[in-house]
Every structure is written in C-alpha cells, then in structure tokens.
Amino acid sequence: MDDPLARWHAEHLNFSALLDLLELQLAAFHAGDRPDYDVMVDIIQYLRSYSDLVHHPREDVAFTRMAERDAALSPVLSRLMQEHRVIAWAGEALLRRLEESASDAMVSRSEVEAAAATYLVYYRHHLNTEECEVLPKARGLLGEDDWKAVVAAGPAIDDPLIAEVAEARYRGLADWVSKRRGGHYGARHPT
C-alpha cells in the first residue's frame, strides 16, 4: 500500500488547485464578464463525485478512529465530519446556481456569489484545518489496519482526474492542476 497520508495530502493539494481555478472563474463573473460555466460545473461535479463520495467518507473513518485514540481531538474531528455534510450541501447549491446561470435563467449575481463564497470559505477552511491539525497527528494515531479500513470505506474507484487516462470530461481540469502543481497532478494510485 502506498503512503496513505501522502495520498491524502496530494488530494488536498489537488482540491485546492481546483478551488483556485473556480475562484478565477468567479472573479470573471464578479467583474461582469462571462466565465467558463462548463469549467465551473466540471469542478463542482468532480468535487461532488470524488471528494464528497470517496475522499470524505474515508476521512470520516479515519477521524472516528483518531477520536477513539485521542479524545482531545474529538471536537475538531466531529466538526470536520459535519463540515463534510455542509460542503456537500453548499456544493450542490452552487452547482444549481451555476447550471441556472449557464442556461441564462434569471439568477441574481448575488445568489451565485453567495453560494460560491459559502462553498469556497468552508472548503478552504476545512482543508487548512485538516492539513494543520489532523494530518500531522494521523501518522502517530493510525496504523496499517486503520488505513485498510479507511480505503475500504469509500467506493473502489480511481480518481477520475488521475486514472491512467483521465476521464475525457476532466482532462482540462487535470491539465490545469498538473500545471499548477509543477507538472504533476499528484500520486497516481489505485483506490
């Protein structure tokens, strides 16, 4: 098994790079320009399908096991598990607003911007908390059996951006992340 913490960290870096691209598109929207709605929708759909359905359920198992071993971490880990649900909800709300805007439906600019701000603020804070407060402690608290349980908690699918051949829909996103991260998307790994 490859280093699960390195994989977890790499996925966080990749998610962060996608949030950067989303912010660039939203800045164009805020300035009154027409952003690339397809790119924004693809980002949210990817994060909803991979992060919300694979990455976060695995983290929930890791967080539960960590809390059992270090009660002092329990409040922050409980909050992070709740944030997984909030991020999923906020992502769905933003996706609806973006799809409506892309189809030229009457959606106020403030509705789109509020949905985007909620999503971005929660997601970025969430990633920062995990990177600063959780990952450094996970190595000492979780063993090989824990990591096997973590991997088993999510569906056995490859990350659609880093599979040997990225899904056609996500190739542009994979290229963006690769450039953003200095030429590599992240560890290629089986799940």
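The values are calculated or read from the model by the stated rules, or taken from the named source; none is laboratory data. Since this is a predicted model, take the numbers as computed values, not measurements. Reconstructed Cβ throughout: ideal geometry from the backbone, glycine too, with neighbour counts over all protein chains shown.
With the requirement that a residue be outside any loop (DSSP other than H, G, I, E, B), charged (D, E, K, R) and touching a residue at least 60 places away in the same chain (Cβ under 8 Å), what does region 63-98 give you?
Result: R65, R69.
Identify the single condition in (1) more than 19 Å from the chain's Cα centre (by Cα); (2) free of Cβ contacts under 8 Å to residues at least 40 places away in the same chain; (3) under 16 Å from W8 (Cβ atoms) that S103 does not satisfy, given that it satisfies every other one.
So S103 meets the others, but not (3).
Being over 30 Å from S110 (Cβ atoms), under 17 Å from the mean Cα position of the chain (by Cα) and at pLDDT below 90 is true for just one of R58, R7. Which residue is that?
Matching residue, one of R58, R7: R7.
Here are some conditions: (1) loosely packed, with under 15 Cβ neighbours inside 10 Å; (2) hydrophobic (A, V, I, L, M, F, W, C); (3) assigned to a helix (DSSP H, G or I). M106 meets all but one. Which one does it not meet?
Unmet for M106, out of (1) loosely packed, with under 15 Cβ neighbours inside 10 Å; (2) hydrophobic (A, V, I, L, M, F, W, C); (3) assigned to a helix (DSSP H, G or I): (3).
Quick one: in region 1-31, of everything that is part of a helix (DSSP H, G or I) and without any contact (Cβ under 8 Å) to a residue 60 or more places away in the chain, which residue is surrounded by the fewest Cβ atoms within 10 Å (Cβ to Cβ)?
Among those residues, the one meeting the criterion is A27.
Could you tell me whether region 156-173 includes any residue that is of a type in the set (K, R) and closer than 15 Å to L18 by Cα?
Among the residues of region 156-173, at least one is of a type in the set (K, R) and closer than 15 Å to L18 by Cα, which makes the answer yes.
Give all pairs with beta carbons closer than 8 Å in which a residue from region 126-154 that is closer than 24 Å to S16 by Cβ meets a residue that is loosely packed, with under 11 Cβ neighbours inside 10 Å; count only pairs at least 6 apart in sequence or on separate chains.
W147/M1; V151/M1
Go through region 109-140 and give me each residue that's small (G, A, S) and buried (at least 17 other Cβ atoms within 10 Å of the Cβ).
A115, A116, A138
From R188, R171, R180, grab the single residue that is in contact with a helix residue (DSSP H, G or I) (Cβ under 8 Å, 6 or more places away or on another chain), surrounded by fewer than 18 Cβ atoms within 10 Å (Cβ to Cβ) and either modelled with pLDDT of 85 or more or not hydrophobic (A, V, I, L, M, F, W, C) (or both).
R180
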